[in-house]
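A quick write-up on the structure given underneath.
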Amino acid sequence: MKLRTSISEAVYTYFDDVFGDQLQIDVPVDRYTSARVGGTADMFLTVNTGQQLQAAVEMAYEKRIPYFILGGGSNILVADGGIKGLVIMNRARNVRFKHIGSRVICIAESGANLSSLARQCIAKGLGGLEWAIGVPGTVGGAVVGNSGAHGGDMSQTLRAATVWEPGRGARVYTNEDMKYAYRSSVLKQEHGRAISRRVVI
Ligand SMILES: Cc1cc2nc3c(=O)[nH]c(=O)nc-3n(C[C@H](O)[C@H](O)[C@H](O)COP(=O)(O)OP(=O)(O)OC[C@H]3O[C@@H](n4cnc5c(N)ncnc54)[C@H](O)[C@@H]3O)c2cc1C
């Protein structure tokens with residue numbers, strides 16, 4: 001197969017062996033963003049679980065290719081020149097609720113839709129995420145950007161998140177570890193890490 005991208009055949013094969021049909025090349029990214037502008041991604045990988053997200057980030061790190069984690073695409077603008085390297089579209093959406101004594105916590109994968117999660121919480125009579133009902137995008141995007149509305153935001157909501165640090169592994173970040181500020185966090189300031197398996201609210 002002849003690749004039109006800047007990605008080598010060896011790198012493509014490395015990812016293809018693991019992800020098969022989840023991997024595509026030369027994919028227009030505009031359709032996955034709210035702004036609907038921008039060029040193509042050299043490699044475009046859809047991941048469906050937190051484990052796959054972690055694996056993809058680690059593989060890109062190992063092969064030294066640039067990577068970008070795409071949530072709902074509601075807070076990014078893609079350049080006309082496209083995105084070099086690997087775009088990882090996060091569709092890890094599992095959500096569960098856990099009762100601990102009289103408390104209920106929500107454990108979501110980072111690709112879960114934030115607004116849908118807020119609706120689920122409300123339907124279960126759980127408070128705390130009401131502010132998010134009109135905010136587009138994923139839980140992961142909101143954790144990174146400290147998204148908020150109506151006086152609430154992620155810094156007031158998040159208990160902890162499992163973050164994949166390439167070359168090191170998984171680490172649980174507490175709310176304090178996120179160093180939240182207005183629409184910002186340590187993950188937004190320092191790129192490269194992935195909110196992977198669990199976001200606890
Ligand atoms: C119509 C509209 C209304 C909006 N209203 C609001 C609002 O009321 N309040 C508000 O705060 N924002 C608002 N936004 C902005 C946007 O919805 C939020 O910032 C949202 O939380 C972004 O989430 P996303 O999944 O779309 O992130 P994306 O746009 O896909 O990504 C944003 C950044 O987060 C990173 N990222 C995403 N997922 C992960 C992950 N799992 N691990 C590591 N990094 C990750 C990406 O790499 C990127 O750098 C609005 C946007 C639109 C288009």
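The values are calculated or read from the model by the stated rules, or taken from the named source; none is laboratory data. Model, not experiment: these values are computed from the prediction. All Cβ positions, even for glycine, are placed from backbone atoms using ideal geometry, and neighbour counts span all protein chains on display. The area values use the complete protein model at the heavy-atom level, side chains included, leaving out ligands, DNA and RNA. Shrake-Rupley method; radii C 1.70, N 1.55, O 1.52, S 1.80 Å.
Each Cα pair of the chain feeds into the Kirkwood radius, which the Stokes-Einstein equation turns, at 20 °C and 1.002 mPa s, into a diffusion coefficient of 123 µm²/s.
Nonpolar atom fraction for segment 107-152, defined as the carbon and sulfur part of the 1.4 Å probe accessible area, stands at 55 percent.
Peptides 47-55, 96-104 ranked from most to least packed by the mean count of surrounding Cβ atoms within 10 Å: 47-55, 96-104. Find how many whole Å separate the alpha carbon centroid of segment 93-143 from the alpha carbon centroid of segment 62-82. Result: 25 Å between the Cα centres.
Quote the FRET efficiency, to the nearest 0.05, computed for LYS63 versus SER102 with a Förster distance R0 of 35 Å and r equal to the Cβ-Cβ distance. For R0 = 35 Å, the calculated efficiency reads 0.15.
Quick one: work out the % antiparallel among DSSP beta bridges in segment 9-90, nearest 5. Working shown, then result.
Numbers: 5 of 15 bridges.
Antiparallel: roughly 35 percent of the beta bridges in segment 9-90.
How charged is the neighbourhood of ILE83? Take every other residue with its Cβ under 12 Å from the Cβ of ILE83, and add Lys/Arg as +1 and Asp/Glu as -1.
Details: positive: LYS84; negative: ASP26, ASP30, ASP42, ASP80.
Computed value for this residue: -3.
Figure note: TYR12, TYR173 ranked by solvent-accessible area, largest first, 1.4 Å probe, ligands and nucleic acids not counted: TYR12, TYR173. Within the same chain, lysines fewer than 8 places from LYS98 are excluded, and of the rest, those with a Cα less than 24 Å from its Cα are LYS124.
The aspartates and glutamates within cross-link reach of LYS84, meaning a Cα-to-Cα straight distance under 14 Å and a gap of 8 or more places when in the same chain, are ASP26, ASP42. Solvent-accessible area assigned to carbon and sulfur over segment 9-90 amounts to 48 percent, based on a 1.4 Å probe.
Is segment 50-120 rounded, prolate or oblate when judged by the Cα gyration tensor, a ≥ b ≥ c being the square roots of its eigenvalues, rounded requiring a/c under 1.5 and prolate requiring a/b larger than b/c? Don't skip to the answer; put the middle values down first.
Numbers: a/c = 4.43, a/b = 1.84, b/c = 2.40.
Oblate is the answer for segment 50-120, as a/c is 1.5 or above yet b/c matches or exceeds a/b.
A 1.4 Å probe run over the protein chains yields, for segment 9-90, 47 Å² of accessible area per residue, whole-number rounding. Taking 7 Å steps out from each Cα toward its Cβ at ALA79 and TYR182 produces label points 2.9 nm apart. Take the Cα of VAL37, go 7 Å toward its beta carbon, and the backbone nitrogen atoms of segment 56-90 under 13 Å from that spot belong to 76-82.
The residues of segment 95-200 expose on average 48 square angstrom of accessible surface per residue, using a 1.4 Å probe on protein heavy atoms. Here the dipole of the chain is about 600 debye; that uses its Cα centre as origin and unit charges on the Cβ of Lys and Arg (positive) and Asp and Glu (negative).
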